[in-house]
1. Over segment 1-143, what is the relative contact order in whole percent, taking alpha-carbon pairs under 8 Å and six or more residues apart?
2. Using only alpha-carbon positions, what ratio does the radius of gyration of the chain give when scaled by 2.2 N^0.38 Å?
3. Using a basic spin-label model with each label point 7 Å from the Cα along Cα→Cβ, how many nm lie between Thr31 and Ala70?
4. Beyond 18 Å, what share of the Cα-Cα pairs of segment 1-65 is found? Please give it as a whole percent.
5. For the residue pair Asp140 and Arg179, what label-to-label distance in nm results when each label sits 7 Å from Cα along the Cα-to-beta-carbon direction?
6. For His115 and His155 in one chain, what is 0.36 nm times their gap in residues minus the Cα-Cα distance, to one decimal in nm?
7. Which value, in debye to the nearest 20, describes the size of the charge dipole of segment 48-110 about its Cα centre when Lys and Arg Cβ atoms bear +1, Asp and Glu Cβ atoms bear -1, and nothing else is charged?
8. As I understand it, the value is the acute angle between the Cα axis of helix 93-103 and the longest principal axis of the Cα atoms of the chain; what does it come to in degrees, rounded to 10?
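The values are calculated or read from the model by the stated rules, or taken from the named source; none is laboratory data. Note that the structure is a prediction, hence the values are computed from the model and not measured. Please note: Cβ atoms are built from the backbone with ideal geometry, for glycine as well, and neighbour counts cover all protein chains shown. Heavy atoms of the whole protein, side chains included, go into the accessibility calculation; ligands, DNA and RNA do not. Shrake-Rupley method; radii C 1.70, N 1.55, O 1.52, S 1.80 Å.
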Amino acid sequence: MKIRRVVAGTGADGKARVLSDGAAPRSVEFTTLPGHAAALLWATEAADTVGAAAPGQRDRTGEAGFAPTAGGTRVMMVSFPPDAVMMRADFDAAAFGAEAGRLVPGLAETFEPDHPGMHTTDSIDYDIVLEGEITLELDDGVQVLLRRHDVAVQHGNRHAWRNLGDKPATMLFVLVGTRRAG
């Protein structure tokens, strides 16, 4: 994924400034699932702060997992190829799982091996469809079709994303880490 990321913050003089402007530094494209790509655009932790010379202005994307801990946030973009790509005879689910573990640590571990695509994170997620159509599947089998600019808000629930169409879908995800009750 080629995504321009502009980061603005406050300089030591107290004035707003562009801290960086360039390609998102943590962008991955899967070889085991052509058309599947992800970019971690920014990550914060609970103790981060804002303001002049604040440590929270530090770019954590290179060290952070793709799922936040309580109080942390993650912003990521993901492209989903049509599900038909995974239904090909030559698709190697084990190789895909291993690649996901390397490329999207922290998130890959939330996926259920016996239920492809199903996962649960300890976060409130704001999920925005940027391009295409995608289906949100819940653990009771309910499926909700989302189209361009539709938004789903999830509260730590078990779910999967299914691209049942014939074109790629691209989504922007904002995850806010929380603590799970009970």
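1. 19
2. Dividing the Cα Rg of the chain by 2.2 N^0.38 Å gives 1.08.
3. Spacing of the two 7 Å Cα→Cβ label points: 4.0 nm.
4. Summing the P(r) of segment 1-65 above 18 Å gives 46 percent of all pairs.
5. Reported label-point gap for Asp140 and Arg179 is 2.8 nm.
6. Working: separation 40, 0.36 × 40 = 14.40 nm, distance 1.99 nm.
Stretched out fully, the His115 to His155 stretch lengthens by 12.4 nm.
7. Magnitude of the dipole: close to 200 debye.
8. For helix 93-103, the angle is close to 0 degrees.
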